[in-house]
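Each remark here refers to the structure printed beneath this line.
The values are calculated or read from the model by the stated rules, or taken from the named source; none is laboratory data. Predicted model only: the values in this text are computed from it and were never measured. Neighbour counts run over all protein chains shown; Cβ positions are idealised from the backbone, glycine included. When the accessible area is computed, the model is the full protein with side chains, heavy atoms only, and any ligands, DNA or RNA have been set aside. Shrake-Rupley method; radii C 1.70, N 1.55, O 1.52, S 1.80 Å.
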Amino acid sequence: MKKDVVFVFLIIVLASSFVSASYSCVNNTDILEDQIEIDIGERRVANGIGIGLIYADEIVAFNKIRADILVDAKKVLLSNVTPSEEVELISKDYTVSIINISGTLVEIKVDSGSNDVNKGETETINGIYVFLIDVQGDFSGVWSMEILIGTKKVSLDSTTNPKEIVVIDNIDYALELFSASDDDANIIVKKCASGNIIETVDSVPQIDPLINDTNSTDNKDIINNTENNNNNNNNNNNNIGGENTEDSLECTIGEIQAGSYCNLNKTFAVQKENNLACEENYECISNVCEQEICIGRGYLIEIIIGISLGIMGFIVIWLLFGKSKLKEKITLEPIVLKKEKDPSIV
């Protein structure tokens, strides 16, 4: 049984490691990295920016995690003694106050705007996000509450949006979801020592989308080789006497340079965007031509991940239920032989 658990764990790890990304600074300065673990309703500082966690979730069966965070965030404590507070964010200063409390519903005012916010929910008030963590008491008597406010809200998801770059006061912050549970999340915050930060996607191993279309590929190769031979013969005829002609400067078919590719005419053409017709991988800016259509690498990776998760789910179900059912089928009930009484014996 231990071997089965280890095998499932390895599949989960492999299924979650298809996509990786790194960052660089446009002016080649150093990247500053900070990592924080934060509970829901709490706020911590990473790389000089306040991060507040308002939601976290983990779906173990599908190896999926999610976290909703407020960026440029502050935690505010209000009560009947201090019903308002001046909050200083990086982007701007705000005055937060309470207008009314009705059970778990609170009317919160930010500068000149106000809105009703339920406990555990987030609303926008006067252009900023307000998350009501908790509220206690009655507005006519003693009461207290905790709220998180932030300039921007970012939803990070391990399958669709594991990382995102946000700009606060002209500074780029790269946010990455490292891990999460139902109660907390681990967030990585990166920024450049100076200048803007850009994402650099690591190369993905080339997968030939025409692997199942052998005949089509062979026919294309024959056509290409025939045209190459014809072009070479023409070049030889034009180069009698050893003189260099314009044809001698032609490119090599399939060659890629600065967003352009060398076509069958041995001239450079601009690589095609996604969803445009194609015949060869090098014609596409993504270098992936699937069923004569240019597709992005992200779509191909999603297909691979989907197939892997499907296989993983099947194996988990089999390990949990298949073996027990099989054992039930092969287990034979003991056969009891009844000895009949001899009628001659009295």
> All but one of (1) out of contact with any Gly (no Cβ under 9 Å at 6 or more places or on another chain); (2) open to solvent by 50 Å² or more (accessible area, probe 1.4 Å); (3) closer than 26 Å to VAL166 by Cα hold for LYS74; which doesn't?
Replying inline: (1)
>> Restricting to segment 100-116, count the residues that are assigned to a strand (DSSP E or B) and in contact with a Phe, Trp or Tyr (Cβ under 9 Å, 6 or more places away or on another chain).
In response: 5
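ILE49 - would you say it is within 25 Å of GLY195 (Cβ to Cβ) and either at pLDDT below 95 or among the β-branched types (Val, Ile, Thr) (or both)?
Working: within 25 Å of GLY195 (Cβ to Cβ): yes; either at pLDDT below 95 or among the β-branched types (Val, Ile, Thr) (or both): yes.
Criteria met by ILE49.
Mind counting the residues in segment 26-70 that are in a strand (DSSP E or B) and either buried (at least 16 other Cβ atoms within 10 Å of the Cβ) or acidic (Asp, Glu) (or both)? I'd like the intermediate steps shown before the answer.
Here is the first cut: in segment 26-70, the ones in a strand (DSSP E or B) are 31-39, 43-46, 49-59, 64-70.
Narrowing further to those that are either buried (at least 16 other Cβ atoms within 10 Å of the Cβ) or acidic (Asp, Glu) (or both): 33-34, 36-39, 43-44, 46, 49-58, 64-70.
The qualifying residues number 26.
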> Which residues, taken from segment 145-189, are under 27 Å from ASN27 (Cβ atoms), open to solvent by less than 30 Å² (accessible area, probe 1.4 Å) and among the charged types (D, E, K, R)?
Replying inline: ASP172
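Restricting attention to segment 18-32, does a residue exist that is of a type outside the set (Ser, Thr, Tyr), at pLDDT 95 or above and under 19 Å from the mean Cα position of the chain (by Cα)?
Looking through segment 18-32, none of the residues is of a type outside the set (Ser, Thr, Tyr), at pLDDT 95 or above and under 19 Å from the mean Cα position of the chain (by Cα).
Would it be correct to say that LEU132 is without any contact (Cβ under 8 Å) to a residue 40 or more places away in the chain, assigned to a strand (DSSP E or B), within 30 Å of VAL60 (Cα to Cα) and not aromatic (Phe, Trp, Tyr)?
Working: without any contact (Cβ under 8 Å) to a residue 40 or more places away in the chain: yes; assigned to a strand (DSSP E or B): yes; within 30 Å of VAL60 (Cα to Cα): yes; not aromatic (Phe, Trp, Tyr): yes.
Yes; evaluated as a whole, the condition is true for this residue.
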> Can you find a residue in segment 240-247 that is at pLDDT 50 or above, assigned to a loop (DSSP other than H, G, I, E, B) and either more than 30 Å from ILE51 (Cβ to Cβ) or of a type in the set (A, V, I, L, M, F, W, C) (or both)?
Replying inline: no
> Any residue in segment 85-100 that is surrounded by fewer than 13 Cβ atoms within 10 Å (Cβ to Cβ), among the β-branched types (Val, Ile, Thr) and over 29 Å from GLU37 (Cα atoms)?
Replying inline: no
> Taking segment 152-164 as the search range and keeping residues that are modelled with pLDDT under 95 and among the β-branched types (Val, Ile, Thr), which one is nearest to GLU123 (Cα to Cα)?
Replying inline: THR160
